[in-house]
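A quick write-up on the structure given underneath.
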Amino acid sequence: MVLAKDLSHHFSEEAKSRQPSQLKSMLMYRSVPGMRSLGGGLPVPALFPFDDVKAESLSYPFTKGISMESYGEAPTLGIDIIKSQADENYEDIPLSVSLQYGSSMGEPKLREFIKEHIRRAHNIKFDDWDVILSIGNTFSWDATLRTFCNRGDVILAEEFSFTSALEAVHSLGITSVGVKMDLEGIIPEALEAQLEAWVGPRPKLLYTIPTGQNPTGSSLSAERREKIYKIAQKYDFLIIEDEPYYYLQFPEYSYEKSRSPKEEITDKALLASETDKMIKNFAPSFFEYDTDGRVIRLDSFSKVIAPGTRLSWVVAQNAMIERYMRITEVTIQNASGFSSSIVYGLLRRWGQEGYWSWLYKLKDVYTHFRDIACDTIIENFPEGRYSFVPPVAGMFFWIKVDSRRYKEFNENKRDTIKCELDLWQKAIESKVLIVPGHWFLVSGQTVPPQKEITETEDEKYAMYFRGTFAGVSEEVLRSALRDFGLLLKTELSDSF
Ligand code: PMP
Ligand code: PLP
């Protein structure tokens with residue numbers, strides 16, 4: 001048995017002071033045969049005003065694709081979750097269980113399904129790891145900050161990062177400091193140099209979105225992940241990988257003038273072997289290098305099933321998961337019962353292989369949109385006057401433009417952020433909604449301040465724009481990008 005290191009010195013004052021709930025610890029006695037429980041304040045399931053819950057979905061192997069628009073022509077499956085477990089072999093999570101108070105770790109059947117899925121996707125190097133269900137990576141991140149950081153602590157994040165995550169940091173009185181990145185994510189050498197020159201208390205953790213990063217769409221290579229992990233060991237910080245886009249990993253992009261739709265795979269054996277190749281090609285989780293147990297993974301159904309399921313999970317060494325359980329007990333109690341019953345009902349009918357096939361086909365759909373976005377950018381944006389890296393994961397593309405090329409650079413007092421906002425407004429006037437890059441900037445200042453990172457001219461004048469290729473129809477995506485390309489052609493000069 002390989003055990004994770006004791007990293008309990010990283011727990012916050014809040015996490016250390018949490019006591020187990022005595023009432024929750026009593027729950028286990030309820031299953032003792034013959035026990036007459038007068039102990040728990042549990043409502044009577046007969047008074048839950050639902051007899052059953054029915055849902056319909058598509059059935060594996062999704063012969064007509066995964067869009068619910070094919071519903072009606074494609075083979076379907078019905079899910080009927082009944083109120084009370086008819087016998088011990090009932091495979092779903094009945095409403096009398098899921099709508100009742102239960103373990104804060106989450107519904108055991110759903111947790112088991114997820115654990116089996118994780119074993120296939122990742123190679124966790126230590127045996128004492130576990131999974132706790134949660135209600136989305138948004139909450140898991142807040143719980144993470146409360147578990148490991150005190151007010152006044154410092155954390156690291158990619159220099160452009162997800163704004164809600166940064167707001168959670170800020171509102172807890174924690175300072176986030178940006179780590180330099182290029183179009184392929186964090187630059188390990190820059191991280192190392194930053195930590196070598198660090199003044200004052202060291203950062204507690206690195207918050208990273210390694211795959212299909214929000215907002216830059218970048219994905220860290222295996223080599224960079226390994227180097228970053230080694231730096232985390234050297235400087236003793238935790239790595240929090242927030243990975244809602246992990247399963248949306250695409251093949252490398254190549255330009256094709258006319259794309260023919262990919263043929264739907266309908267054979268289960270072929271689908272299984274293609275899925276196998278997909279998993280082998282996945283960028284590794286930081287767990288791949290984690291011999292210490294310093295990686296915490298936040299995973300969510302939001303981008304692969306639906307955000308409104310509010311179902312997610314945290315993977316980490318047992319001692320950390322135990323602290324997540326304590327915060328869960330006094331905040332959300334547990335993930336929603338309806339959601340757990342229905343999502344588990346769906347997953348168990350698909351089975352592990354069926355769920356992987358769903359992810360495989362989902363990735364194909366997003367790959368198609370990624371391809372359309374990249375083709376349209378290449379065909380319509382002014383060559384040599386912008387740069388971008390075709391994303392290999394996620395939902396976002398990230399366009400970099402030098403503000404000195406902007407025709408109104410001088411009118412905007414040579415201020416890059418002003419230029420970025422100005423161009424953004426012009427895009428809105430052409431009915432194209434994208435997001436100005438500086439909104440995502442991590443700009444926390446420590447006390448005492450860190451050494452100023454010297455910027456190259458290229459960095460100083462870089463304007464960025466985030467767009468998504470995931471949320472609209474092909475036609476809208478094409479026409480919006482054509483118009484934005486036209487705007488760049490009109491507004492940017494060949495030289496500066
Ligand atoms: N507050 C009080 C006073 C309670 O008795 C309970 C349930 N035992 C709760 C809060 C927890 O409520 P909920 O299930 O809505 O989180
Ligand atoms: N983390 C990142 C990086 C995201 O981009 C998002 C969604 O936009 C979330 C977390 C939110 O995830 P959830 O719906 O699981 O709370």
**Q.** segment 194-208 - residue that is among the hydrophobic types (A, V, I, L, M, F, W, C) and surrounded by 14 or more Cβ atoms within 10 Å (Cβ to Cβ) and, of those, nearest to residue 446 (Cα to Cα)
**A.** 198
Q. Which one of these is away from ligand 2 (no atom under 16 Å from the Cβ) and either among the small types (Gly, Ala, Ser) or at pLDDT 95 or above (or both): 42, 23, 27, 58?
A. 58
Q: Could you tell me which of the residues 330, 365 is surrounded by fewer than 21 Cβ atoms within 10 Å (Cβ to Cβ), in contact with a Ser or Thr (Cβ under 9 Å, 6 or more places away or on another chain) and under 30 Å from residue 263 (Cα atoms)?
A: 365
Q.
I'd like the residue in segment 107-140 that is within 15 Å of ligand 2 (Cβ to nearest atom) and either polar (S, T, N, Q) or free of Cβ contacts under 8 Å to residues at least 12 places away in the same chain (or both) and, out of all such residues, is surrounded by the fewest Cβ atoms within 10 Å (Cβ to Cβ).
A. 138
Q. Failed condition for residue 371, given (1) buried (at least 21 other Cβ atoms within 10 Å of the Cβ); (2) away from ligand 1 (no atom under 16 Å from the Cβ); (3) assigned to a helix (DSSP H, G or I), with all others met?
A. (1)
Q: Determine whether segment 392-404 contains at least one residue that is closer than 30 Å to residue 304 by Cα, outside the structural domain of residue 153 (by TED's automatic domain parsing), part of a helix (DSSP H, G or I) and more than 21 Å from the chain's Cα centre (by Cα).
A: no
Q.
Going through 64, 16, 54, 83 one at a time, which residue ends up being in contact (Cβ under 8 Å) with a residue 40 or more places away in the chain and among the basic types (Lys, Arg)?
A. 64
Q: Considering each of 191, 220 in turn, give the residue that is in contact (Cβ under 8 Å) with a residue 40 or more places away in the chain, in a helix (DSSP H, G or I) and either under 15 Å from residue 158 (Cβ atoms) or not assigned by TED's automatic domain parsing to the domain that holds residue 437 (or both).
A: 191
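Quick grid of which residues meet (1) touching a residue at least 12 places away in the same chain (Cβ under 8 Å); (2) outside the structural domain of residue 395 (by TED's automatic domain parsing); (3) of a type in the set (A, V, I, L, M, F, W, C); (4) within 24 Å of residue 188 (Cα to Cα):
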site: 216; (1), (2), (3), (4): yes, yes, no, yes
site: 254; (1), (2), (3), (4): no, yes, no, no
site: 265; (1), (2), (3), (4): yes, yes, yes, no
site: 288; (1), (2), (3), (4): yes, yes, no, yes
site: 307; (1), (2), (3), (4): yes, yes, no, no
Q. If you go through segment 302-341, how many residues are touching an Asp or Glu at 6+ places or on another chain (Cβ under 6 Å) and part of a helix (DSSP H, G or I)?
A. 3
(Q) Let me confirm something: among 289, 324, which residue is at pLDDT 95 or above, more than 16 Å from ligand 2 (Cβ to nearest atom) and buried (at least 21 other Cβ atoms within 10 Å of the Cβ)? (A) 289
Q. Among the residues of segment 406-419, is there at least one that is assigned to a strand (DSSP E or B) and not basic (Lys, Arg)?
A. yes
**Q.** Neighbours by Cβ (under 7 Å, 6+ apart or cross-chain): first from segment 345-371, under 18 Å from residue 118 (Cα atoms); second assigned to a helix (DSSP H, G or I) and among the polar types (S, T, N, Q)
**A.** 356/275; 357/275; 360/275
Q | Subset of segment 69-93 [surrounded by 12 or more Cβ atoms within 10 Å (Cβ to Cβ) and within 32 Å of the chain's Cα centre (by Cα)] | A | 70, 71, 74, 75, 76, 77, 79, 81, 92, 93
(Q) Return the residues of segment 219-250 that are within 16 Å of ligand 2 (Cβ to nearest atom) and of a type in the set (Gly, Ala, Ser); say none if nothing qualifies. (A) 219
Q) Among the residues of segment 134-152, is there at least one that is in a loop (DSSP other than H, G, I, E, B), assigned by TED's automatic domain parsing to the domain that holds residue 228, farther than 19 Å from residue 233 by Cβ and within 16 Å of ligand 1 (Cβ to nearest atom)? A) yes
(Q) Based on this model, can you work out whether residue 25 counts as within 16 Å of ligand 1 (Cβ to nearest atom), exposed (fewer than 12 other Cβ atoms within 10 Å of the Cβ) and either within 30 Å of residue 361 (Cβ to Cβ) or among the hydroxyl-bearing types (Ser, Thr, Tyr) (or both)? (A) yes
Q: Could you please let me know if residue 206 is part of a strand (DSSP E or B), on the phi < 0 side of the Ramachandran plot, out of contact with any Ser or Thr (no Cβ under 8 Å at 6 or more places or on another chain) and not hydroxyl-bearing (Ser, Thr, Tyr)?
A: yes
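The values are calculated or read from the model by the stated rules, or taken from the named source; none is laboratory data. Note that the structure is a prediction, hence the values are computed from the model and not measured. Methodologically, a virtual Cβ is constructed for each residue, glycine included, from the backbone with ideal geometry; neighbour enumeration extends over all protein chains shown.
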